[in-house]
Each structure stands twice: as structure tokens, then as C-alpha cells.
Amino acid sequence: MTVTLQAPAPPAPSRRSPGSDFAPLSRQVRDSGLLERRLGYYAWAIGLNVAATAAIWAAVAWAGATWWAVLLAVPLALVTARTAFLGHDAGHRQIAGSHRVNRALGLILGDLMLGMGYGWWNDKHNRHHANPNHVDKDPDVGEGPLAWTREQARGRRGVLGFLARHQARLFFPLLTLEGFNLKVNSVLYLKGAPRREKLVEGALLVAHLAGYLGLAFVLLSPLQAVVFILVHQALFGVHLGASFAPNHKGMEMPAEGTRWDHLRRQVLTSRNVRGGLVTDYMLGGLNYQIEHHLFPSIPRPNLRKVQPLVREHCAWVGLPYVETGLFESYREALGHMREVGEPLRS
């Protein structure tokens, strides 16, 4: 069930202009102290994540070259997604007040532990945040294997046409490739990166690859290592993709020339997912997508606390605040993908 909160009527235009709608909320959140860093929380979260990663590899070593050890790829995928969420937070400067510290954490969590380029991710993700769901400006809905508008789907033939026709059914199976896709794009990005960035991130990505493959093939038989890697990367890709899928798919997509202020540009294109602590954990806080987009630098544990302020403000200005259950969010996102591919099926 989708819940859309909206006031009966917005206040009279004379009380404010659309351009100032975000300012009162911004002041309220800033004065509440919710933008302040949560160093203790992140020290605990990062420490626990590193310890869990090491413990799983230690368990693989203890189990030896057996097929039981391959099953440990399942919890490793869960922990790897936690690493990605922490790297995401570092990219938004949620962890520390210093840009250098956040970048260092992003390089360690992203390049070294994940094999995902911090520079590539930041460049792509910042463009998404600046213009969410804008076909010409948001790389997440730009031209690619999947189509997000009928204009993108129109005229597709061959493999791309097949994907567009059946993309709603193929979406989750395709996510099994997302872990590999992140690594490939990270390497391709470095081709055009500045020399210093290329050297630093390139060295860290090579170190990740050597450590990851080294552990897998030293601790397991060659066949077991290959299966372990495939299972780990497939489940990681599905988990990560399933965490991002509910956020914007099926929401408003501003047309060329549309001029929205910051509040409308972020709220109208975003969808929240209801849930408790388990949902917060599994989705890495991305279930508070509206709050995250309005205040991208707010520490993750404060997103739940800022939600009532944002919801109340949206009601005050007469702006829809969309929140659904997890499975309903997937139904809406896949429904949008199915609708986009409809002309090709006809």
C-alpha cells in the first residue's frame, strides 16, 4: 500500500515563494543538531564491518577446500553490501567533518575492500543527486541496457530490444551481474582520470583484486574458488541493486526545461520505504530516500530522526510525500519498467 501525504491546500502564495520552500526546513534541521557528525556510530559500524569480513575469510580458511566453505559466500555478500553502504556514506561526507578523512575512508572501503572505484562512484552518484530521474542529466536513467522511458525503448532492436521488452522480468536476474559491472566501470573511469587519481585508485584496485583472488584460490580448489566468487558477486549485486531499486524507479521524471526548486526536485522524484530497524539495516538507510536527497550529508542514523520534520514540512507546503512498503515499492518500480517496454511487446 502506497501512502501519499499531502495537505488539503498550500498556504497562500503571498506567504512565501516556491524558491523559499526549502529554507525553513533547512534552518529547522540545522538548528536541531541532526547534521552533526556521529563519529562513535561510524567507528563502531566500520570496525564491526572489517571484523566481520575478516571473520568470514577466517572461517573459509578453517573449513578448508570443501563445498561447505562455498556457502560462506552468502554471509560475505551481506557484509560486502554493508561495506558499500559505508563507502556511500563516506562519499556524501556523512562520516567525518574533514574531506580528506572521508576520501581516505572512501578509498579504503570502496577501492581496497570492494574493488569499486571511489572516484567513479562519486562522479556518477553526485550527478544523480543533482538531477534525480532527469533523463539527460541523471546517469542512473540515461542510455544503457535498460530503458527508463518509452523514448529510450523506441526503435531498439536485437539484444537491446529483447531486454527492453522483458526488462521487468529480467531486472533482478540482471542484478546478478551488477557486482562485476561496478568493477569494470571503475577501471574504465580511470582511463580519463588525473594521473594522481589513476595511480592511487589503480594501485588500490589491483591490491583488492590480488587479495580477493589470492584468498579464494589459495583457500579453495580452483572450481570451488570460481563458484565462491560467482555466488558472492551475484548475491552482492542483487542485494545492492535491490536496495537502490525502490528509490526512484516509477517516480516523477522531469522533462527537459522543467524548473523545480531543490525541495521539489528531490521529493517528487524519490520514494521512501516503510519499515523498522531490519529495513534500515538491509537497505543501508536508503529507505529514507527523500530525507537523504534533501540532506545528503546527514549521518545515516539521523535519517529516521529527521523524517518527521520533512514529512510535516511537505504537508505544510502541499507537496506529496510518497512512502510505501518494500514489496509495493518493487511492484511500482517493475510496473514502470513493464509499461516502458509495452510498445515493443505490441
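Here are the numbers for the structure shown:
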| item | result |
| --- | --- |
| Test result for Leu160, of a type in the set (A, V, I, L, M, F, W, C) and surrounded by 15 or more Cβ atoms within 10 Å (Cβ to Cβ) | yes |
| Meets criteria (exposed (fewer than 15 other Cβ atoms within 10 Å of the Cβ) and either in contact with a helix residue (DSSP H, G or I) (Cβ under 6 Å, 6 or more places away or on another chain) or modelled with pLDDT of 95 or more (or both)) for Ala51 | yes |
| Qualifying residue in the stretch 324-342 (condition: under 18 Å from the mean Cα position of the chain (by Cα), assigned to a helix (DSSP H, G or I) and under 21 Å from Gln28 (Cβ atoms)) | no |
| Selected residue (criterion: surrounded by the fewest Cβ atoms within 10 Å (Cβ to Cβ)) from residues of the stretch 208-233 that are closer than 19 Å to Gly179 by Cβ and of a type in the set (Val, Ile, Thr) | Val226 |
| Selection from the stretch 304-333 of residues that are over 17 Å from Thr279 (Cβ atoms) and in contact (Cβ under 8 Å) with a residue 12 or more places away in the chain | Leu309, Val310, His313, Cys314, Ala315, Trp316, Val317, Gly318, Leu319, Pro320, Tyr321 |
| Residue match in the stretch 74-87 (condition: over 18 Å from Phe236 (Cβ atoms), crowded, with 18+ Cβ neighbours inside 10 Å and either at pLDDT below 95 or in contact with a Gly (Cβ under 9 Å, 6 or more places away or on another chain) (or both)) | no |
| Qualifying helices (runs of 4 or more DSSP H) (wholly inside the stretch 17-90; at least 1 residues being within 21 Å of the chain's Cα centre (by Cα)) | 39-63 |
| Residue in the stretch 195-207 that is surrounded by fewer than 18 Cβ atoms within 10 Å (Cβ to Cβ) and closer than 25 Å to Gly64 by Cα present | yes |
| Condition met for Leu294 (touching a strand residue (DSSP E or B) at 6+ places or on another chain (Cβ under 9 Å), farther than 20 Å from Trp148 by Cβ and in contact (Cβ under 8 Å) with a residue 24 or more places away in the chain) | no |
| Count of the stretch 284-297 residues which are of a type outside the set (S, T, N, Q), outside any helix (DSSP H, G or I) and surrounded by fewer than 23 Cβ atoms within 10 Å (Cβ to Cβ) | 3 |
| Residue that is farthest from Leu334 (Cα to Cα), among those in the stretch 154-172 that are free of Cβ contacts under 8 Å to residues at least 60 places away in the same chain and under 22 Å from the mean Cα position of the chain (by Cα) | Leu170 |
| Any hit, the stretch 229-249, residues being closer than 19 Å to Asp136 by Cα and hydroxyl-bearing (Ser, Thr, Tyr) | no |
| Any chance Asp138 is under 30 Å from Glu151 (Cα atoms), acidic (Asp, Glu) and buried (at least 17 other Cβ atoms within 10 Å of the Cβ) | yes |
| Any hit, the stretch 95-103, residues being without any contact (Cβ under 8 Å) to a residue 12 or more places away in the chain and of a type in the set (Val, Ile, Thr) | yes |
| Selection status of Leu303, within 14 Å of the chain's Cα centre (by Cα) and either outside any loop (DSSP other than H, G, I, E, B) or surrounded by 16 or more Cβ atoms within 10 Å (Cβ to Cβ) (or both) | no |
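Residues checked against (1) touching a residue at least 24 places away in the same chain (Cβ under 8 Å); (2) loosely packed, with under 14 Cβ neighbours inside 10 Å; (3) not in a helix (DSSP H, G or I):
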{"residue": "Leu112", "(1), (2), (3)": "yes, no, no"}
{"residue": "Trp120", "(1), (2), (3)": "yes, no, no"}
{"residue": "Gly144", "(1), (2), (3)": "no, yes, yes"}
{"residue": "Trp148", "(1), (2), (3)": "yes, no, yes"}
{"residue": "Glu151", "(1), (2), (3)": "no, yes, no"}
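The values are calculated or read from the model by the stated rules, or taken from the named source; none is laboratory data. This is a predicted model, so every value here is computed, not measured. Note: ideal-geometry Cβ built from the backbone for every residue, glycine included; neighbour counts use all protein chains shown.
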